[in-house]
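Beneath this line is the structure, given in C-alpha cells, with notes to follow.
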Amino acid sequence: MGSISIRNVSKQYGHGPKANPVIHGVSAEIADGEFIVIVGPSGCGKSTLLRMVAGLEEITAGEIAIGGRVVNDVEPARRDIAMVFQNYALYPHMSVFDNMAYGLKIAKVPATEIRQRVDKAAAILQLQPFLARKPRELSGGQRQRVAMGRAIVRQPQVFLFDEPLSNLDAKLRAQTRLEIQKLHRELGVTSLFVTHDQVEAMTLGQRLIVMNAGHMEQIGTPEEVYARPATTFVAGFIGAPPMNLLRGRADGSRFAVDGAALVLEMAAPRAGDLLLGLRPEHAELNDGAAGWPLQVEMIEMLGAERLVHGRIGTLPFTVRQDSTLAPPRIGDTVPLQATGEHMHWFDNATQRRL
C-alpha cells in the first residue's frame, strides 16, 4: 500500500547556533491512492519536504513512513518511489523507448516485460508514435510525458512530482494538468505534487498542504482551503486575485478601518483589533447610495469579467465584476455591498482564523 505518514518532521542545515531551520515540525497522513499537492511561494520548504520523502534530503527530526514502513534510513532506490523533476532529465542520445526502459534494464527486468510496460505507459500517455524518436525531436510537453512515462513503468508505490510543469508555456501547462489528472484516475497511485502555482494546486489536488516559511499553514481539500482559510497567509495566497484583507477595529456591527467606518450586515465575532477578509467575487458594486465607499483607481478587463481595483479608506480592495455590467468610472467613489456569510475574521496578532 502506498500510504505516506509524515510525523513531526523537521529539517535544518548546519548545527549549533549557526543552524538554519527550514522545515518546522510538519505532520500529515496521506492515504493510499491520494493525490496531494504541496503548494507555497518560492523558498517555503515544499521541495525540501518532497525530497525528504524521496530520501534525497536527510531528516533532522521526526519520521517518514511509506506503506507502513519507516524509511528514515532507507536509501532512495529502496523506497519504491518514482520521481518526476522540473527538468526532464532525459538521455539525449537515447530514443524515447530507451529512456523509458532504462531503469528497468538496470534492474534486470526481462526484455518482454520491459516491452509490455513501456508499451502500456506509452499508450496511456499517447506516446506510441514517438517511441523511436530522440528527445530533441519532441516538444516540451512530449518530453515531460516521456519523463512521466519513465516513472510509470517503474510501477512504484508513490509518485513524487517536483514542479514538473514549470518549464511549459501556459497552454501546455493546462493540457498537461488534464493528462496528469487522467493518469491518476487510471493508475490510482499515491502522488505528491509540488508547485508554487495555486491554480495548479486547486485543479489537481484532492487535498492541499499549504506551506509558508517551513511551516504547514493548512491541510485540506481545495474547497476547504478556499472557503475557510486557516490563516491570513492562506487567505492571501489561495485565490486569484487574492482575498481582500482589511485591518480595523470591530465594535458589534461597526468596523472602523483607516479612513472609513463600515456598517456590517452581521456583527463581528468579538470587539477589538481584527482583520476582515472578503473575496473579490463576494462583493458587489451597488447602484444605490448605501454601502461601503470604494474609491475606484483602476479597472482590468479580463474578457468575461473585470477586476475593479480601488480603496476603502486608505486600504486596497478589489471587486470581481461581470463584464456585462456597466463599469464604474475611475476616480468615482461607489457604494459596495458585502454579505455577512462571506466574511472571514482573523485575529490581528496571531493572523489565525477566528
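The values are calculated or read from the model by the stated rules, or taken from the named source; none is laboratory data. Quick caveat, the model's predicted, so the values are computed rather than measured. Methodologically, a virtual Cβ is constructed for each residue, glycine included, from the backbone with ideal geometry; neighbour enumeration extends over all protein chains shown. Surface accessibility is based on the protein's heavy atoms, side chains included, excluding ligands, DNA and RNA. Shrake-Rupley method; radii C 1.70, N 1.55, O 1.52, S 1.80 Å.
Run the accessible area of the chain with a 1.4 Å probe and give the carbon-and-sulfur part as a rounded percent.
Of the solvent-accessible surface of the chain, carbon and sulfur hold 51 percent.
Quick one: Cα convex hull volume of the range 1-51, Å³ per residue?
That works out to 88 Å³ per residue.
Take each of the peptides 13-26, 54-67, 274-287, 327-340, average the number of other beta-carbon atoms within 10 Å over its residues, and list them starting from the highest.
Sorting 13-26, 54-67, 274-287, 327-340 by mean packing, highest first, produces 274-287, 54-67, 327-340, 13-26.
Could you list, bin by bin from short to long, the percent of Cα-Cα pairs of the range 204-354 in 5 Å steps?
2, 9, 18, 21, 19, 15, 10, 5, 1, 0
Per the Kirkwood treatment, what hydrodynamic radius in Å, one decimal, follows for the range 283-331 from the mean inverse distance over all distinct Cα pairs?
Kirkwood radius, the range 283-331: 11.1 Å.
Show me, bin by bin at 5 Å from 0, the whole-percent P(r) of the range 140-294 based on Cα pairs.
Cα pair-distance distribution for the range 140-294, in percent: 2, 7, 14, 15, 14, 12, 10, 7, 7, 6, 4, 2, 0.
If you line up the long axis of helix 140-152 against the longest principal axis of the chain, both from Cα atoms, how many degrees apart are they, to the nearest 10?
The helix 140-152 is inclined about 60 degrees to the chain.
When log10 I(q)/I(0) by the Debye sum over Cα atoms at q = 0.06, 0.09, 0.11, 0.14 Å⁻¹ is calculated directly from the model, which label among [x] -0.30, -0.62, -0.84, -1.11; [y] -0.20, -0.45, -0.69, -1.15; [z] -0.27, -0.58, -0.82, -1.15 fits?
The calculated read-out lines up with [x].
In the neighborhood of residue 223, defined by Cβ-to-Cβ distances under 15 Å, what is the net charge if each Lys or Arg adds +1 and each Asp or Glu adds -1?
Result for the local shell: +1.
Let me check I've understood the local charge: for residue 256, count other residues with C-beta under 12 angstrom from its C-beta, Lys and Arg +1, Asp and Glu -1. What total comes out?
It works out to a net charge of 0.
Tell me the Rg and the Dmax, in Å, that the Cα atoms of the range 87-217 produce.
When restricted to the Cα atoms of the range 87-217, Rg and Dmax are 15.3, 48 Å.
Tell me, what is the per residue accessible area of the chain in Å², probe radius 1.4 Å?
It amounts to 47 Å² per residue over the chain.
May I ask you to derive the relative contact order of the chain, considering only C-alpha pairs under 8 Å and at least 6 residues apart, and to give it as an integer percent?
Value for the chain: 15 percent.
Using only Cα atoms, find the angle between the long axis of helix 111-124 and the longest principal axis of the chain, and express it within 0 to 90 degrees, rounded to the nearest 10.
20
Work through the residues other than residue 168 whose Cβ is under 13 Å from its Cβ and net out their charges, Lys, Arg +1 and Asp, Glu -1.
Spelling it out: positives minus negatives among the neighbours equals 0.
Please compute the Kirkwood hydrodynamic radius over the range 19-128, one decimal place, Å, based on all pairs of different Cα atoms.
About 16.8 Å, per the Kirkwood formula over Cα pairs.
Per DSSP helix of 4 or more residues, -39500 (n - 2.57); summed, then divided by the residues of the chain. What does that give at 222 nm, rounded to the nearest 500?
For the chain, the value works out to -7000 deg cm²/dmol.
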